[in-house]
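The structure appears below as structure tokens.
The values are calculated or read from the model by the stated rules, or taken from the named source; none is laboratory data. Computed from a predicted model, the values in this text were never measured in an experiment. Cβ atoms come from the backbone with ideal geometry, glycine included; neighbour counts cover every protein chain shown.
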Amino acid sequence: MAQSPLAGRRIVITRPEADATRLADRLRALGAVPIVAPAIRIQFTDPPELDTALANLAGYHWIIFTSRSGVEAVFRRTRSIAGPKVAAIGPATATTLRARGVEPDLVPAEYLAEAILEALGEVRGLRFLLPRADIAREALVDGLEHRGAVVHEIAAYRTTELSVRRADLGPVDAVTFSSSSTVRGFLAGGPVPDGAKVVCIGPITAQTAREHGLDVAAVAEHYTEDGLIAALGAAFARR
């Protein structure tokens, strides 16, 4: 068996610590040396507004989850959801829903808010519940409202960028970014180490990285953990 292109590579994971374990284990299995350096922290806020919405789910046609954290935020407050159709932004979010006994009605082919909007089709007069991060992009809300939908957006959790100066990471071969907030949080704690490749999970994250002056070596073709690992392998396989 050919040696993995990631063998021996020191790869920084900037996800929140609780979300980094699986990726670290998978990279380790490929021979890499994962370095967990969280750039953001997720804080669940349990807003009363969310409890009210969950008690009145019959008033919504759709509930849209744009992250695994959004699913966790909801199921901290309820044991089940029933009534509205359910959309998940991608396979990781869908898997988290299935673990809670919910089969999504919609998972778009491309894992972006804009793709959910396109996949929904006609939404005029429909009511949507969006439990999501306090700093979430507004593309989905704006698009739904522009098409005549009624959107109830709730900041169900807070994403905090960790701006504390981090310890020296030592030699680094790559830094992975899984969201725009991880880019900002990581750079607030110091620069990308010299010589490290920047690998992003998708085009929105890559755009943020470039806006902050980073040279992006690779962007995942599929905006998932699998896609991120594939992008890392491709970046190091190139001659």
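Only a single item in (1) assigned by TED's automatic domain parsing to the domain that holds Ile35; (2) among the basic types (Lys, Arg); (3) at pLDDT below 95 is not met by Lys197, and it is number (3). Against the conditions (1) touching a Pro at 6+ places or on another chain (Cβ under 7 Å); (2) free of Cβ contacts under 8 Å to residues at least 60 places away in the same chain; (3) of a type in the set (Lys, Arg), Arg77 satisfies every one except (1). The single condition among (1) touching a helix residue (DSSP H, G or I) at 6+ places or on another chain (Cβ under 8 Å); (2) surrounded by 14 or more Cβ atoms within 10 Å (Cβ to Cβ); (3) without any contact (Cβ under 8 Å) to a residue 40 or more places away in the chain that His222 does not meet is (3). For the range 135-215, no strands (runs of 3 or more DSSP E) sit wholly inside it while including 2 or more residues that are basic (Lys, Arg) and surrounded by fewer than 15 Cβ atoms within 10 Å (Cβ to Cβ).
Among the residues of the range 120-134, write down those that are among the hydrophobic types (A, V, I, L, M, F, W, C), over 21 Å from the mean Cα position of the chain (by Cα) and either within 15 Å of Ser69 (Cα to Cα) or surrounded by fewer than 20 Cβ atoms within 10 Å (Cβ to Cβ) (or both).
Matches in the range 120-134: Leu126 only.
Restricted to the range 1-19, and to residues there that are assigned to a helix (DSSP H, G or I) and free of Cβ contacts under 8 Å to residues at least 40 places away in the same chain, the residue that is surrounded by the fewest Cβ atoms within 10 Å (Cβ to Cβ) is Ala18.
Checking every residue in the range 147-158 against the condition of being of a type in the set (Asp, Glu) and in the same structural domain as Ile35 (by TED's automatic domain parsing) gives zero matches. When the range 82-104 is filtered for residues that are at pLDDT below 95, over 13 Å from the mean Cα position of the chain (by Cα) and aliphatic (A, V, I, L, M), only Ala82 remains. Do the conditions hold for Arg124, that is, is it at pLDDT 95 or above and assigned to a helix (DSSP H, G or I)? Here the answer is no, as Arg124 does not meet what is asked. Could you list all residues from the range 165-211 that are small (Gly, Ala, Ser), closer than 20 Å to Asp19 by Cα and in contact with a Pro (Cβ under 9 Å, 6 or more places away or on another chain)? Of everything in the range 165-211, just one residue is small (Gly, Ala, Ser), closer than 20 Å to Asp19 by Cα and in contact with a Pro (Cβ under 9 Å, 6 or more places away or on another chain), namely Gly185. When Thr21 is tested against (1) modelled with pLDDT of 95 or more; (2) under 30 Å from Val192 (Cα atoms), only condition (1) is not met.
Does any residue of the range 20-33 turn out to be touching a residue at least 24 places away in the same chain (Cβ under 8 Å) and in contact with a Lys or Arg (Cβ under 6 Å, 6 or more places away or on another chain)? Within the range 20-33 (the criterion being touching a residue at least 24 places away in the same chain (Cβ under 8 Å) and in contact with a Lys or Arg (Cβ under 6 Å, 6 or more places away or on another chain)), the answer is yes, since at least one residue qualifies.
Taken over the range 73-97, the residue count meeting the criterion of being surrounded by fewer than 17 Cβ atoms within 10 Å (Cβ to Cβ) and either of a type in the set (Gly, Ala, Ser) or touching a strand residue (DSSP E or B) at 6+ places or on another chain (Cβ under 9 Å) (or both) is 6. Looking at the range 162-191, which of its residues are of a type in the set (A, V, I, L, M, F, W, C), under 19 Å from the mean Cα position of the chain (by Cα) and within 16 Å of Gly213 (Cβ to Cβ)? Once the filter is applied, which keeps residues that are of a type in the set (A, V, I, L, M, F, W, C), under 19 Å from the mean Cα position of the chain (by Cα) and within 16 Å of Gly213 (Cβ to Cβ), the range 162-191 yields Val175, Phe177, Val183, Phe186, Leu187.
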